[in-house]
Amino acid sequence: MRREVVLRKPSRVAIASLALLGCLTIALQLFSGVIQRSPEESAASDFIVTSLEDDGLGTLREAIFAAAESSVRVRIQLPPSRITLQGPLPPIVHRVEVVIQGVPGRSEIDAAAIGSGPVLDIHAPQSVLKGVSILNAPEQAVLVRNGAFTSTDNHFANCDQGVHTAPDAGRVVIEKSSFEANRVGAFLGSGRGAARIRNNRFYRHAGAAVWAVHNPENNRLSSMLLSVQFNHFEQDRIAIVLGNVPALVEKNQLLHAAESAVYLIGKGAVIRENLIRNGKGVGISADGTEGSIIDTNEIGHNAGMGILVRSSGNAVVRRNRIYNNGYGIAFVFAAGSSPNKGSANLLLRQKLDGIIAIGSSPILERNTVFNSGLAAFRLLDFRPAAGASTNSNPLLDQNIARGNQFDGVVRGDHRSAQ
């Protein structure tokens, strides 16, 4: 029989996401097949918050203390009102599973006055947050120290970080939630399990909407498998930052990014079938990457360029539709002995050059470049102020160029002032 504990304050009651691609796909399909229990099914003991005060009987603080004493799965139910915290909450520690559940769009926690530290500091093998808005957190709205974590139907606004998962976190699911005007929306430590970010809305982040960067030891990838799918990003400084994390970024909308919609470093990323438009800088930046795959994306109306591949090796840029950007695709320098490849891309109406290579010799094959404001293909040897030059000698095969100001290959130098 389920035990229900109601905490009451007598005088006040409130109603309150190529081998890499294959491995990623298989792993993520297996991951998505896991059956999730609903919060209602997870609770064996309920703690109902009935007071909007910061401290005392019936409060959220008191419910956290009480839940820590339980040896069964617990649920803390929040009222459909705003709780204004005056100081940090205690850590949420549990031996089995904790569910924190509110009424979507109505249950709010305002953390402006707590001073420092996370709002919800979770230590549990399993945890679920559902239907809760957390506002004005000076540090993390939610810090997941360890264990599996699911966020559904939540809202994080004006926080330094919305959700932060530590390296000891396990499987992470963030879905159907909104992140607005935080510095970082979702900060993913290189955890031990799969992480899925799906069907969320990210808006106007000062740093990055999603940050997943692993500091590699011996050039190793993170053990975490990440999928970012079906999300909407808008007006973020950088929507997605990925570094040395096996990640599939697929079928997202990334609009009006201030610097880059997607920024890649290190190994492990597959970026495919995304819509990237109207950015002030670069659509996709692959900077110092190895083996990145950028495939079948639609990239348009970005002021800087559609795709930038810089100081990278073995990158594959293929089958993308790139239109109305400053530059279409830029290959700048190269890393290692393995060339990057641009294949079967369609480039339409770039304001400047369709494809430009600076001190880089990629394989360029079967690309179609129409109606660029300047050259279809511009190849520049890099001439530094001191030291050896780096020539640009791509392999050009079966490319088509029509309607550009210069349909032939334009060659020249790029001289560095330093």
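The values are calculated or read from the model by the stated rules, or taken from the named source; none is laboratory data. Everything quoted here is computed from the prediction, not taken from an experiment. Here the Cβ is made from the backbone with ideal geometry for all residues, glycine too, and neighbour counts use every protein chain on show.
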Using the structure shown, decide if ARG95 is surrounded by fewer than 23 Cβ atoms within 10 Å (Cβ to Cβ), part of a strand (DSSP E or B), of a type outside the set (Ser, Thr, Tyr) and out of contact with any helix residue (DSSP H, G or I) (no Cβ under 8 Å at 6 or more places or on another chain). no
Filtered residues of region 222-253 (kept if outside any strand (DSSP E or B) and of a type in the set (A, V, I, L, M)): MET224, VAL245
What number of residues in region 112-129 are of a type in the set (Val, Ile, Thr) and part of a strand (DSSP E or B)? 2
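Every residue, every condition in (1) over 17 Å from ILE276 (Cβ atoms); (2) at pLDDT below 95, yes or no:
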| residue | (1), (2) |
| --- | --- |
| ASN199 | yes, no |
| TYR203 | no, no |
| GLY207 | yes, no |
| TRP211 | yes, no |
| ASN215 | yes, yes |
| ASN218 | yes, yes |
| SER223 | yes, yes |
| PHE230 | no, no |
| ARG237 | no, no |
What are the pairs, 6+ residues apart or on separate chains, where a residue within region 383-408 that is under 26 Å from SER311 (Cα atoms) has its Cβ under 7 Å from a residue that is of a type in the set (Lys, Arg) and part of a strand (DSSP E or B)? ARG383/ARG415; SER389/ARG383
Looking only at region 165-193, count how many residues are surrounded by 22 or more Cβ atoms within 10 Å (Cβ to Cβ) and more than 12 Å from the chain's Cα centre (by Cα). 7
Strands (runs of 3 or more DSSP E) enclosed by region 365-418 - at least 2 residues per element that are more than 21 Å from SER343 (Cα to Cα): 375-383, 406-415
Contacts under 9 angstrom Cβ, first residue in region 74-99 being at positive phi, partner at pLDDT below 95 and aliphatic (A, V, I, L, M), 6 or more apart: none
Only one of (1) more than 20 Å from ILE271 (Cα to Cα); (2) surrounded by fewer than 21 Cβ atoms within 10 Å (Cβ to Cβ); (3) in contact with a Pro (Cβ under 9 Å, 6 or more places away or on another chain) does not apply to THR368, and that is (3)
Going through region 62-90 one residue at a time, which ones are under 18 Å from GLY115 (Cβ atoms), crowded, with 16+ Cβ neighbours inside 10 Å and touching a Gly at 6+ places or on another chain (Cβ under 9 Å)? PRO88, LEU89
Within region 354-382, can you find the residues that are of a type in the set (S, T, N, Q) and within 11 Å of PHE331 (Cβ to Cβ)? SER360, SER361
Would you confirm whether any residue within region 277-287 is modelled with pLDDT of 95 or more, among the hydroxyl-bearing types (Ser, Thr, Tyr) and within 30 Å of ASN215 (Cβ to Cβ)? yes
Residues within region 274-321 that are aliphatic (A, V, I, L, M) and either more than 18 Å from ILE363 (Cα to Cα) or touching a Cys at 6+ places or on another chain (Cβ under 6 Å) (or both), tallied: 7
Okay, strands (runs of 3 or more DSSP E) sitting entirely in region 130-208 with 1 or more residues that are touching a Ser or Thr at 6+ places or on another chain (Cβ under 8 Å) and hydroxyl-bearing (Ser, Thr, Tyr), I get 133-135, 140-152, 201-203
